Amino acid sequence: VKVVALAGGVGAGKFLRGLIRAIPAEDLTVVVNTADDLRIHGLLVCPDIDSVTYWLSGLADRERGWGREGDSFRALEEVKRLGGEAWFSLGDLDLGTHLARADLLSSGIGLAEVTRRIARRFGVGATVLPMTEDTVTTRIEALASDGEHLDLHFQEYWVARRARDEVKAVRYEGAEVARPAPGVLEAIAEADAVLICPSNPVASIGPILALRDIREAARARPVAGVSPIVGGAPVLGMADRLMPVAGWEVSAFGAAAAYSGLAKGFVIDDRDRRFAPRIQSELGMEVAVTDTIMTDDDAAERVARAALSLLESP
Ligand code: GDP
């Protein structure tokens, strides 16, 4: 079976490691969120693309969740000492990725091909693609504790200000006019299954589905998702701060509701079993229930197989 996975960072990375045990990696195309990409030190940094690439290559830092295992931060310390911007942590090895990407981009190669090439260099068998080569940016409108109205880049909200502001609205700037990256629509059209990774529905999957052509293409295929919300809270991250603003309750039901009209199946955690009847009756989705905490690749494989099983023809 050919599979397209829609992905954010960490939750997606763990899940995809399980998925490539359930299907051949060559049959997988991962379409990754780029709306929290940023320019810093003159470099394009693509946190979700790099997370997915590092996780699939086995080089991710499992403890920290982002970046490369065993990385050091000497370059960044020097940047700090010299008065440069140092609020966004980039490890030394990670910087190597950004420099290589900058070189390829400056030679005129598009981000999709650059992303494919870098993933291949990391030994990743799956195809990794950005959702778009155009600029789409998640902007967070928030209220600071002193009452100031803020309009922040997602990374300013999350990393620089550590999610301390009260979120009022989220918008995906540029999404109305952005075109899917080369290869994305083709992969979806050929897919036997489209899987939505257990990623933040607002910050990671929302921007991908905000591209109308991607949403429409996915809607024409069998789609199943996996809940990032377990026991009423995200396993990690700030989905609980963003989902209410988008109108979704912070529960496995709310996570399913985020994909209403798109997904025909949804995987939820054992401890959220009680939501299954509501997801079935109110959202019309098939539900699979399993332990979705992906502590290792065995656990991730079980979650991936549960998602695939929802789409197997009867
Ligand atoms: P990031 O926020 O850009 O790092 O990327 P993601 O959106 O992919 O990752 C964050 C989401 O993954 C959060 O909403 C987590 O709840 C979810 N997540 C992380 N680990 C797990 C896990 O082991 N199981 C499940 N079900 N969700 C997870």
- Item | Selection status of S89, away from the ligand (no atom under 11 Å from the Cβ) and under 20 Å from the mean Cα position of the chain (by Cα) | yes
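What helices (runs of 4 or more DSSP H) completely inside the stretch 236-304 contain at least 2 residues that are under 21 Å from P222 (Cα atoms) and within 13 Å of the ligand (Cβ to nearest atom)?
Result: 252-257.
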- Near pairs, Cβ below 6 angstrom, 6+ apart or cross-chain, from the stretch 101-116 (in contact (Cβ under 8 Å) with a residue 40 or more places away in the chain) to any residue that is part of a helix (DSSP H, G or I): R101/V114; L105/V114; T115/I49
- Being of a type outside the set (D, E) and crowded, with 21+ Cβ neighbours inside 10 Å, is that true of even one residue in the stretch 144-153? no
- Task: Would you point out which residue out of L19, L43 is in contact (Cβ under 8 Å) with a residue 40 or more places away in the chain and crowded, with 24+ Cβ neighbours inside 10 Å?
- Result: L19
- Query: Hey, does the stretch 207-225 have a residue that's closer than 21 Å to A276 by Cβ, surrounded by fewer than 16 Cβ atoms within 10 Å (Cβ to Cβ) and more than 15 Å from the chain's Cα centre (by Cα)?
  - Reply: no
- Tell me, which helices (runs of 4 or more DSSP H) lie completely within the stretch 76-195 with 2 or more residues that are farther than 15 Å from N33 by Cα and basic (K, R)? 111-121
- Working only within the stretch 217-238, note down all residues that are modelled with pLDDT of 95 or more, closer than 27 Å to E176 by Cα and touching a helix residue (DSSP H, G or I) at 6+ places or on another chain (Cβ under 9 Å). A217, A218, A220, R221, A224, G225, V226, S227, P228
- Would you check if there is a residue in the stretch 305-313 being of a type in the set (G, A, S) and at pLDDT below 95? yes
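The values are calculated or read from the model by the stated rules, or taken from the named source; none is laboratory data. Remember, predicted model here, so these are calculated numbers, not experimental data. Virtual Cβ from ideal backbone geometry, glycine too; neighbours counted across all protein chains shown.
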